[in-house]
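K.L.:
Dropping a structure here in structure tokens format, bear with me for questions.
Nothing in this text is a laboratory measurement; each read-out follows from the coordinates by a stated rule. This structure is a prediction, so every number in the text was calculated from the model and none was measured. So basically every Cβ, Gly included, is an ideal-geometry build from the backbone, and we count neighbours across all protein chains shown.
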Amino acid sequence: MMKKIATVLSILAFSLSTFAQQELQVSQYMFNGLFLNPAYAGSHDYWGATALHRSQWVGFPGAPRSNMLAVDGPIKDKNMGLGFQFINDGIGLMATNELAANYSYYIKVNEKGHRLAFGIRAGIRNETFNASGLENVDMTDPLYQGNQSWWIPRFNFGMYYYTERGYLGISSHNLLFADARHKLDSDAGLKRHFFINGGYVWDLNSSGSVKFKPSFLVKYQPAAPIQADINAHFLFDDKFWVGVSYRTNAAIVGMIEYQFTPRIRAGYAYDYTTTAMRQFQGGSHEIMLGYDFIAKISKFKHPRYF
């Protein structure tokens, strides 16, 4: 009986993967914008790498488990940046792997460090459906014999305006090939997604030892309701972040980040589900590790604000 339930839930998870999970759900995106916007590439004066693991809906059969690695930095003496990403995602009987390259070009708006960047992202995505994990289906159907695998190209575009203390970005995912079809379901093509996000860092005292960073993210997909994240973070002594996020009709998120050295930082986030889904799972856990390739520590001003 439990196997049958697990099979049903896995099929449900596959359905979710073809729609809601086309874009990975990440709670700590505000500490590395490359996950959302290719124009973020090279926005800092040094190269940096961010690794992230997310276990979503812990305890729910077939729940999403995601791993991401992003590396980006500026091209020396050029108004350009590069970024690279690897994404591994599993949900139900579906496994996804994606490689992508990002390119950005920025314009200096003024002498105060304000910049406007434009970015593009080109990637290739492989999706594999493990049909052998299904039960109570017609295994004589060629569709369910062995693993089914297919490749889908992906192209994203973004714009990013930023200063030392604030930012505003807009991006579109699956700008091209938005109608690329899934091999298993001709109606479940990749959907175009739109994102708008922004934030600012304020000093709360004269010494600057306590800072406040409100930020937001709005996500729009024509076939789904608009979703928004409202975030509030506090930074103490340029080392310790603590914050909370409210994701509309989805979750409340608590998160922390600590800057161990000028080069090394780590973060953790926990999502408490606010929908009826919470009775079937134990929330979501997310771990982040970042390393910045800073050549001279003496020139280090402050940790990444965004």
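K.L.:
Please list, ordered by chain and number, the residues whose modelled amide H lies under 5 Å from the amide H of Ala251; skip anything fewer than 5 residues away on the same chain.
P.N.:
Thr274
K.L.:
Suppose the chain between Thr163 and Ala49 were pulled fully straight at 0.36 nm per residue; how much longer would it get relative to their current alpha carbon spacing? Before the final figure, lay out the partial values.
P.N.:
Details: separation 114, 0.36 × 114 = 41.04 nm, distance 2.08 nm.
Gain in length upon complete extension: 39.0 nm.
K.L.:
At what distance in nm do the modelled label points of Ile196 and Glu23 sit from each other, each positioned 7 Å from its Cα along Cα→Cβ?
P.N.:
1.3 nm
K.L.:
If you don't mind, another one. If you scale each eigenvalue of the Cα gyration tensor by 5 and take the root, what three semi-axes come out for the stretch 28-98, rounded to whole angstrom and sorted largest first?
P.N.:
Values: eigenvalues 180, 24, 13 Å².
In descending order the semi-axes read 30, 11, 8 Å.
K.L.:
Between Lys108 and Ala295, what FRET efficiency follows from the Cβ-Cβ distance if R0 is 22 Å, with the result rounded to 0.05?
P.N.:
Numbers: r = 22 Å, r/R0 = 1.01.
The calculated FRET efficiency here is 0.50.
K.L.:
Using a cut-off of 11 Å between beta-carbons, work out the net charge of the residues near Thr248 (Lys and Arg +1, Asp and Glu -1, Thr248 not included). All intermediate terms of the calculation are to be shown ahead of the outcome.
P.N.:
On the way: positive: Lys219, Arg247; negative: Asp229.
Cβ neighbours under 11 Å give a net charge of +1.
K.L.:
Here's something else I'd like to know. For Ser206 and Ile287 in the same chain, what is the full-extension length gain: residue separation times 0.36 nm, less their Cα-Cα distance, in nm?
P.N.:
The span from Ser206 to Ile287 would gain 25.9 nm if fully extended.
K.L.:
First measure r as the distance between the Cβ atoms of Phe86 and Asp237, then evaluate 1/(1 + (r/R0)^6) with R0 = 25 Å and state the FRET efficiency to the nearest 0.05.
P.N.:
Values: r = 33 Å, r/R0 = 1.33.
Computed FRET efficiency for Phe86 and Asp237 comes out at 0.15.
K.L.:
Follow-up. Using the Karplus equation 6.51 cos²θ - 1.76 cosθ + 1.60 (θ = phi - 60°), what ³J(HN,Hα) coupling, rounded to whole Hz, does each residue of the stretch 200-205 give in order, writing x for Gly and Pro?
P.N.:
For the stretch 200-205, the Karplus curve yields 8, 10, 10, 7, 9, 9 Hz.
K.L.:
Something else now. What order, most packed first, do the peptides 47-58, 239-250 have when packing is the mean number of other Cβ atoms within 10 Å of each residue?
P.N.:
Values: 47-58: 19.2, 239-250: 16.5.
Packing proxy ranking, top to bottom: 47-58, 239-250.
K.L.:
Next up: Report, in listed order, any pair from Lys191/Lys239; Lys78/Lys191; Lys108/Lys219; Lys112/Lys213; Lys76/Lys191 with a Cα-Cα distance greater than 32 Å.
P.N.:
Details: Lys191/Lys239 39 Å; Lys78/Lys191 34 Å; Lys108/Lys219 28 Å; Lys112/Lys213 20 Å; Lys76/Lys191 36 Å.
As for pairs spanning more than 32 Å Cα to Cα, those are Lys191/Lys239; Lys78/Lys191; Lys76/Lys191.
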